[in-house]
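What follows draws every value from the coordinates through simple rules; no lab data is involved. Bear in mind that the values here come from a model prediction, so they are computed numbers and not experimental data. With ideal geometry, Cβ positions are generated from the backbone for all residues, glycine too; neighbour counts draw on all protein chains shown.
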2 protein chains.
Amino acid sequence: MRMAELSAESGVPVATVKYYLREGLLPPGERTSPNQARYSPAHVQRLRLIRALTDVGGLPLASVGAVLTAIDGDETPHRTMGVVQEELAGPPPKVSEEAAEWASALLQDVVRENGWKWHEPRGATIDNLVAALATAKELGQDKLTERLGEYARLAVRVAEVDVGVVAGLTSVDNIIEAGVVATVLGDRIFAGLRHLAQEQVSREVLGGASPKR
Amino acid sequence: MRMAELSAESGVPVATVKYYLREGLLPPGERTSPNQARYSPAHVQRLRLIRALTDVGGLPLASVGAVLTAIDGDETPHRTMGVVQEELAGPPPKVSEEAAEWASALLQDVVRENGWKWHEPRGATIDNLVAALATAKELGQDKLTERLGEYARLAVRVAEVDVGVVAGLTSVDNIIEAGVVATVLGDRIFAGLRHLAQEQVSREVLGGASPKR
DNA sequence: CCAGAATGGATAGTCAAGCTCTCCGTTATG
DNA sequence: CATAACGGAGAGCTTGACTATCCATTCTGG
């Protein structure tokens, strides 16, 4: 297929496809002459993946590039998923030294309680988590951080389902890509369900009516 | 306190504070003369809140503005939290008509199974969730959508903790602000815990080693 | 009380991200 | 063979979030 069809098939404008090619997000098509190329269904799939990561996952194109490079590379699935998590987390906001210290300690406790192994080169995931906890403390949100243990236990339950989803993928071909998609979309989907559930639960518990501030 | 101190206290540069004032994100200080103003600790708190929403919550300033307006308004807490959820969700990406249709039906099933009340003016939260599910389908991630029920049940458990956190806030003054913070930070914190847990669980279940794609 | 620093306010400039537009010489196609 | 489409490269555009520069006051330390 050629440009126009690739564009139509994927829903991405021609100019944008060209841009992605320039940026190296989309591999070049197979040459049929010095200045003509032909694209495959894999290109359509790749475009859909890019759009899913940006539109649904909210990743900047640079992160998408890093993720795609990891997918295409021959790293282990474990390392590839590590890259995905780093990019999903993004650069951690900076917080005060002391709050970060405190948050790290809190997190350490939870990690120990749950018998998790401390992953040592502390990546963006942990830095982000620490920053979020530190921010909660700085804003006086003690109630939130007190419940960290409960959240952690539920996070394990969710992660068990996540791993089940990925483990169930025996479809050979691009297991890694599927894992990436599951991780990125899984985040959004769970967040959405949680928001819906918050509304339900708060209606039940608080009865819907509460004094005005 | 005056500008310089406000800036030092909050860690936000003077130029940026002025910008937030212009944009109406920060209320003007109390005038002491036609062209001098004095700021209160409430301004420091407000600045911290703005930074938390942008840096940790990832909200654009326009959304922060909407949230702050809601907090300052005299809507019910329920409505205010609705605004927060809308802004957290952001504009939903567009997906194909048919995939959206399918995703809506799937979501309807889950809603019914869990006995949730369908919240009718379908807001950005639901549109986003539907879009994420539709994208999963378009990318052939059936395993993910099959488990939606399990995720929903866990989401309820998480939401129960969330509501507990907010309900435990009897501290009178700015319960709504606390609820907002809990929601926004809660999202990030849970996502981080989930990522950590994924690593733990996948190490246990998959044993850390897996063939290279 | 007065010189120099700081303040509030307004306007313009900057920078990155993510496209979008325009050309242009080449290639496919009815 | 005329004309439409293609690929490639460059410049331009828009939005978001600041940052820098002025300037006419106002505060402050000696």
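One table, with the values for the structure above:
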| quantity | calculated |
| --- | --- |
| Cα gyration tensor, region B:69-213 - rounded (a/c under 1.5), prolate or oblate | oblate |
| Positive minus negative residues near B:Glu30 (Lys, Arg vs Asp, Glu; Cβ under 15 Å) | +3 |
| Within chain A, helix-based [θ] at 222 nm, where runs of 4 or more DSSP H residues each add -39,500 (n - 2.57), nearest 500 | -22000 deg cm²/dmol |
| At R0 = 51 Å, FRET efficiency that the Cβ-Cβ distance of A:Ala15 and B:Glu30 yields, to 0.05 | 0.50 |
| Rounded tilt (10° steps) of A:77-89 against the dominant C-alpha axis of chain A | 70 |
| Evaluated over the protein assembly as shown, the Cα radius of gyration and Dmax, each in Å | 22.7, 75 |
| Spacing of the two label points (7 Å from each Cα toward its C-beta) at B:Glu101 and B:Ala42, in nm | 5.3 |
| Rounded tilt (10° steps) of A:124-138 against the dominant C-alpha axis of chain A | 40 |
| Top of A:Glu199, A:Glu86, A:Glu30 by mean-square fluctuation, Gaussian network on chain A, Cα under 10 Å | A:Glu199 |
| At R0 = 35 Å, FRET efficiency that the Cβ-Cβ distance of B:Glu23 and A:Leu206 yields, to 0.05 | 0.60 |
| Residue mean of other protein chain beta carbons inside 10 Å, B:21-31 | 0 |
| Residue among B:Thr80, B:Thr16, B:Thr135 with the largest mean-square fluctuation in a Gaussian network model of chain B, springs linking Cα atoms under 10 Å | B:Thr16 |
| Placed amide H near A:Ala37: partners under 5 Å, 5+ positions off or other chain | A:Thr32 |
| Other protein chain Cβ atoms within 10 Å, averaged over every residue that makes up A:140-152 | 6 |
| Residues B:Asp74, A:Asp187 arranged by fewest to most Cβ contacts within 10 Å | B:Asp74, A:Asp187 |
| Between 0 and 90°, nearest 10: helix B:148-167 axis offset from chain B longest Cα axis | 30 |
| Least to most buried among B:Arg203, B:Arg79, B:Arg46 (fewest other Cβ within 10 Å first) | B:Arg79, B:Arg203, B:Arg46 |
| Label spacing, shortest first and in nm, from B:Pro28 to its equivalents in the remaining copies (7 angstrom along Cα→Cβ) | 6.0 |
| Neighbour-count order for B:Val166, A:Val64, fewest beta carbons within 10 angstrom listed first | A:Val64, B:Val166 |
| Positive-end residue, chain A charge dipole about Cα centroid, Cβ charges, pick of A:Val110, A:Ile176, A:Ile50 | A:Ile50 |
| Where labels lie 7 Å past Cα in the beta-carbon direction, separation of B:Asp72 and A:Glu5 in nm | 5.7 |
| Cα centroid separation - region B:67-125 against region A:123-147, whole Å | 26 |
